[in-house]
């Protein structure tokens with residue numbers, strides 16, 4: 001069944017005419033189609049999205065069924081954002097460092113006693129998942145203990161007193177346990193609950209309505225859903241209170257999360273160096289990058305710089321992606337923890353709202369090389385080889401017998417159905433090597449080429465062979 005948005009709200013602090021310049025009706029319709037198709041295909045009941053473009057929210061919209069018996073999808077409803085909350089915990093500690101109350105390189109044992117090797121683990125390592133503390137919730141389901149309430153101290157007593165999985169700083173391993181410790185440090189230093197601190201220093205200044213996810217349950221809130229394999233979609237039972245805490249305790253609307261993304265884009269609320277610190281990937285002791293900063297993933301994707309994080313709560317999946325150089329962000333919140341609707345939707349929206357990335361010099365040359373390879377391939381099929389396109393060695397290889405065999409075996413197969421590169425160019429022996437896969441006449445062929453790198457681009461090697 002094709003799901004249509006039951007309710008839509010465009011949230012803008014700018015006049016309506018500007019909206020048409022920022023997000024066209026065609027783009028909005030395409031977004032509707034992407035979301036609706038993902039929900040229909042995966043069975044995920046609902047999604048709430050927000051789109052930032054040009055540093056402002058240009059669309060906030062909800063789709064589908066947010067809870068049993070609810071017939072209108074409300075974009076203002078707070079979904080559980082789970083581990084996206086980690087960047088807020090990290091921001092709290094950065095603010096406390098700005099206040100002169102701690103340093104991120106302080107040992108955590110100074111603030112929270114009783115943790116294994118607490119004198120060797122730093123706050124920064126907690127926030128970057130390099131502390132070595134064992135993760136208390138690696139499962140993608142609620143394990144037995146989650147049916148009963150828990151306190152942060154009980155989590156630490158059970159998991160943070162175990163031997164470390166590795167020496168601090170030597171490896172990267174996602175650890176919710178580390179963020180529970182981080183939350184307790186915030187509370188001890190700030191002298192108030194973590195959420196209260198965030199309300200005062202982050203959420204109220206940005207106009208964000210954030211709710212403790214343990215309290216965002218029941219009437220008036222989105223319901224989480226589950227599915228066993230390809231069985232029916234069922235209402236999920238929430239975990240007992242306390243299990244997500246500083247590792248993922250927040251619920252908010254997609255639009256409210258987008259307000260935080262805008263602060264990131266504009267370098268407001270936090271000092272600029274705090275934003276940089278959060279977005280700088282931490283390096284391990286052997287020099288390897290983790291691609292993870294302080295509560296966020298920081299990397300390049302498709303030629304773009306991306307700051308992102310996903311979230312998984314009991315019955316909820318979410319994705320928050322910021323594109324700093326494009327002044328854009330995409331927020332997708334869903335009320336199911338099966339399938340990949342949130343990722344599909346986020347990728348689909350990004351394809352619509354972002355300008356195509358500028359082609360890199362390497363990408364441009366790869367495309368030109370593919371064109372040159374296709375020209376020679378077609379010449380060989382037709383036995384009309386332009387030998388000026390080959391080096392002396394390649395011309396030596398293509399004897400009359402070789403040319404006849406190429407033409408006879410390839411020409412009878414008809415036109416190629418696909419001619420695609422397998423990866424980019426790589427240097428070898430003074431040439432640039434590239435590989436291609438060709439589908440032709442019901443066969444799949446492999447093409448291996450070496451070409452000159454000096455601008456002449458003559459082929460030193462052009463070998464066709466069967467492929468699986």
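Read-outs throughout are calculated quantities, based only on the coordinates presented, and are distinct from any laboratory measurement. All figures in this text were calculated on a predicted structure; none of them were measured in a lab. Here Cβ is always computed from backbone atoms with ideal geometry, including for glycine, and neighbour counts include all displayed protein chains.
What distance in nm separates the simple spin-label points at residue 157 and residue 420, each placed 7 Å from Cα in the Cβ direction?
5.5
How many percent of DSSP beta bridges within the chain run antiparallel, rounded to 5?
Counting DSSP beta bridges with both partners in the chain, the antiparallel share is about 95 percent.
Shape call for the stretch 159-292 from the C-alpha gyration tensor, a ≥ b ≥ c root eigenvalues: rounded (a/c under 1.5), prolate (a/b greater than b/c) or oblate?
Verdict is oblate for the stretch 159-292.
Report the extension gain between residue 196 and residue 404 in nm, rounded to one decimal, defined as 0.36 nm multiplied by the number of residues separating them, less their alpha carbon distance.
The span from residue 196 to residue 404 would gain 67.0 nm if fully extended.
Where does each of 397, 111, 79 land when they are ranked from fewest to most other beta-carbon atoms within 10 angstrom?
Ranking 397, 111, 79 by Cβ neighbours within 10 Å, fewest first, gives 397, 111, 79.
Over the chain, what is the relative contact order in percent, taking alpha-carbon pairs closer than 8 angstrom and at least six residues apart?
Here the relative contact order equals 16 percent.
Can you give the relative contact order of the stretch 79-353 as a percent, counting alpha carbon pairs under 8 Å and 6+ residues apart?
Relative CO of the stretch 79-353 lands at 24 percent.
Within the stretch 156-190, what residues put their amide N at less than 13 Å from the label point 7 Å along the Cα-to-Cβ vector of residue 110?
What the label zone holds, given the 13 Å backbone N cut-off, is 189.
Using alpha-carbon positions, what is the distance between the centroids of the stretch 324-384 and the stretch 385-433, in Å?
First find each Cα centre; the distance between them is then 27 Å.
Sort 275, 172 so the one with the fewest other Cβ atoms within 10 Å of its own Cβ comes first.
Result, fewest neighbours first: 172, 275.
With a cut-off of 8 Å between alpha carbons and a minimum separation of six or more residues, what is the relative contact order of the stretch 310-375 in percent?
23
Describe numerically, in nm with one decimal, the distance between label points set 7 Å from Cα along Cα→Cβ at residue 229 and at residue 98.
5.2
Ranked highest first by the average count of other Cβ atoms within 10 Å around their residues, in what order do 311-322, 62-73 fall?
Going by the mean number of other Cβ atoms within 10 Å, highest first, we get 311-322, 62-73.
To the nearest 500 deg cm²/dmol, what mean residue ellipticity at 222 nm is calculated for the chain from DSSP H runs of n ≥ 4 alone, each contributing -39,500 (n - 2.57), summed and divided by the residues?
-9000 deg cm²/dmol
At 0.36 nm per residue, and after removing the present C-alpha to C-alpha distance, how many nm does the segment from residue 392 to residue 286 gain when stretched out fully?
33.6 nm
Using the basic label-point model (7 angstrom from Cα toward the beta carbon), what is the residue 188 to residue 71 distance in nanometres?
So the two model labels end up 5.4 nm from each other.
What order do you get for 301, 381 when you list them from fewest to most C-beta neighbours inside 10 Å?
In increasing order of surrounding Cβ atoms, one gets 301, 381.
In 10 Å bins starting at zero, report the fraction of Cα pairs in the chain per bin as a rounded %.
4, 18, 23, 20, 15, 12, 6, 2, 0
Indicate the gyration tensor shape class of the stretch 361-466 (rounded, prolate or oblate), computed on the Cα atoms with a ≥ b ≥ c the square roots of the eigenvalues: a/c under 1.5 is rounded; otherwise a/b larger than b/c is prolate and the rest oblate.
Here the stretch 361-466 falls in the oblate category.
Please give the contour-minus-distance gain from residue 148 to residue 370: 0.36 nm per residue of separation, less the Cα-Cα distance, rounded to one decimal in nm.
Answer, rounded to one decimal: 74.0 nm.
Is the stretch 79-353 best put as rounded, prolate or oblate by its Cα gyration tensor, with a ≥ b ≥ c the root eigenvalues, rounded for a/c under 1.5, and otherwise prolate when a/b is larger than b/c, oblate when not?
rounded
Pairing the Cα long axis of helix 361-382 with the longest principal axis of the chain, what angle in degrees results, from 0 to 90 and rounded to the nearest 10?
So the inclination is approximately 30 degrees.
Bin all alpha-carbon pair distances of the stretch 61-161 at 10 Å intervals from 0 and give each bin's fraction as a whole percent.
That works out to 12, 32, 30, 17, 9, 1, in percent per bin.
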